[in-house]
1. State which residue is nearest to Tyr354 (Cα to Cα) when the search covers only the range 365-386 and only residues that are touching a strand residue (DSSP E or B) at 6+ places or on another chain (Cβ under 7 Å) and of a type in the set (Ser, Thr, Tyr).
2. Which one of the conditions (1) surrounded by fewer than 16 Cβ atoms within 10 Å (Cβ to Cβ); (2) out of contact with any Cys (no Cβ under 9 Å at 6 or more places or on another chain) does Gly75 fail to meet, given that it meets all the rest?
3. Can you find a residue in the range 311-328 that is over 26 Å from the mean Cα position of the chain (by Cα), farther than 28 Å from Ile188 by Cβ and touching a residue at least 40 places away in the same chain (Cβ under 8 Å)?
4. Taking the range 273-298 on its own, how many of its residues are within 25 Å of Tyr51 (Cα to Cα) and free of Cβ contacts under 8 Å to residues at least 60 places away in the same chain?
5. Kindly indicate the residue of the range 288-303 that is within 26 Å of Leu71 (Cα to Cα) and surrounded by 15 or more Cβ atoms within 10 Å (Cβ to Cβ) and also nearest to the chain's Cα centre (by Cα) among those meeting that condition.
6. Only one residue in Asp214, Asp220 is surrounded by fewer than 21 Cβ atoms within 10 Å (Cβ to Cβ), of a type in the set (Asp, Glu) and within 18 Å of His115 (Cα to Cα). Which one?
7. Quick check on Ile320: is it in contact with a Lys or Arg (Cβ under 9 Å, 6 or more places away or on another chain) and either assigned to a strand (DSSP E or B) or among the basic types (Lys, Arg) (or both)?
8. Can you go through Ala260, Ala309 and tell me which one is within 23 Å of Ile11 (Cα to Cα) and either crowded, with 16+ Cβ neighbours inside 10 Å or among the hydrophobic types (A, V, I, L, M, F, W, C) (or both)?
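The values are calculated or read from the model by the stated rules, or taken from the named source; none is laboratory data. As the structure is a prediction and not an experimental result, all values here were calculated from the model. Positions of Cβ are backbone-derived with ideal geometry, glycine not excepted, and every protein chain shown enters the neighbour counts.
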Amino acid sequence: MTIRKQHPYAIGIVGKPNVGKSTFFSAATLAPAEIANYPFTTIRPNRGVGYVRTPCVHTEFNVQDNPGNSLCKNGIRLIPVELIDCAGLVPGAWKGRGLGNQFLDEIRKADALIHIVDAAGATDIEGQQCKPGTHNPLEDVRFLEVEIAMWIARILRRDWARMTRTIESGGKERLVNQLEDKLTGLSIKREHIIEAIRRTELNPEKPSSWSEEDITKFADGLRRAAKPMLIAANKIDLPTAEPNLERLRQQDYYVVPCSAEAELAVRRAAEKNWIDYTPGDCNFDILKSEALTETQLNALKTIKERILAPFGATGVQEAINAAYFKLLNCIVVYPVEDIEKLSNHKGEVLPDAYIVPYGTTARQLAYLIHTELGDSFIYAIEARVKTRVGEDYKLKDRDVISIVSAKKRS
């Protein structure tokens, strides 16, 4: 089976060394047992496939589905998405310190960031071990903001004077066009540039008048627009994490209490069929207690009592879901060919689940499926009310949609 890339975004997993970033990435990309044999678990050494969790529509339509590009388990769809494990970051990375150049090369490909923070305060700003509770994790949040903003600012400053002199006669539109060309390799799009101009209230008609401070301010606006970030407050089971969690929640970020180590443990147990667990569950059932040692049983008991019971989940799955649904404002849609049977041409029911940005139109979905389908688009049919919709119809979350094209009619 070949899994097509049916989602437009990649999520970067970022953080300083020794905060549990690699553990988070390993846990997130460990395929659930039911799809462990699918040939898409790893893309590249620092890239892998995680899963977005969403309620499947097959229960609403009272049909048995046949997922092709994803998994459905107990009414839950797990849809593959791309994750990037970015190199560990230390202060001064934008100047090339540590693995800074590698980090920045990887982060340019990410559309949103999950920042793994040691909520227990057990690692200093360089990522070295320290006494739990002695480091303030808010410093980690701030330094990452600065590193990314300074990296973007350094790129902006290259030929800034020459560029701005040549575009000022064209006003704001020409500035946006020039910056779009200049920053396209950073996954910074036109709408991000326009949003950064709006947020910073700088004069787009005369960018040559921007000071060094203005350029840095604009770079930070681009960071916020093009690389939105949430915080996974890791090591949440340690006693010193609780007060830091409250401090993190007071920042202007979505914060997810997290234990990447616990998620990796239960994923591995599920992979061996020792427990019944779906990523993001608030509990699990032990299936083969006789196969587990007393130490393993105690570890699973501890995960239930100290993480799942008080926090409702390990946080790894919630962080991935939040990155797509909250930061990137995505929705899930189900394209089908036969609107009556909700199937494709093979008779497979609800075979595909696509993650698309909110605002995606019916015709854009057609192009996402196949270029010819988009070119020959006539109309679409929404399954719930069997209504014809035009090319500009904006898809809603959980829409089941059939595309009717000239090619399909012929």
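1. Of everything passing the filter in the range 365-386, Tyr379 is nearest to Tyr354 (Cα to Cα).
2. (2)
3. There is no residue in the range 311-328 that is over 26 Å from the mean Cα position of the chain (by Cα), farther than 28 Å from Ile188 by Cβ and touching a residue at least 40 places away in the same chain (Cβ under 8 Å).
4. Selection size over the range 273-298: 11.
5. Top of the filtered list is Ile303.
6. Matching residue, one of Asp214, Asp220: Asp220.
7. Against the criterion (in contact with a Lys or Arg (Cβ under 9 Å, 6 or more places away or on another chain) and either assigned to a strand (DSSP E or B) or among the basic types (Lys, Arg) (or both)), Ile320 does not qualify.
8. Exactly one residue qualifies, and that residue is Ala260.
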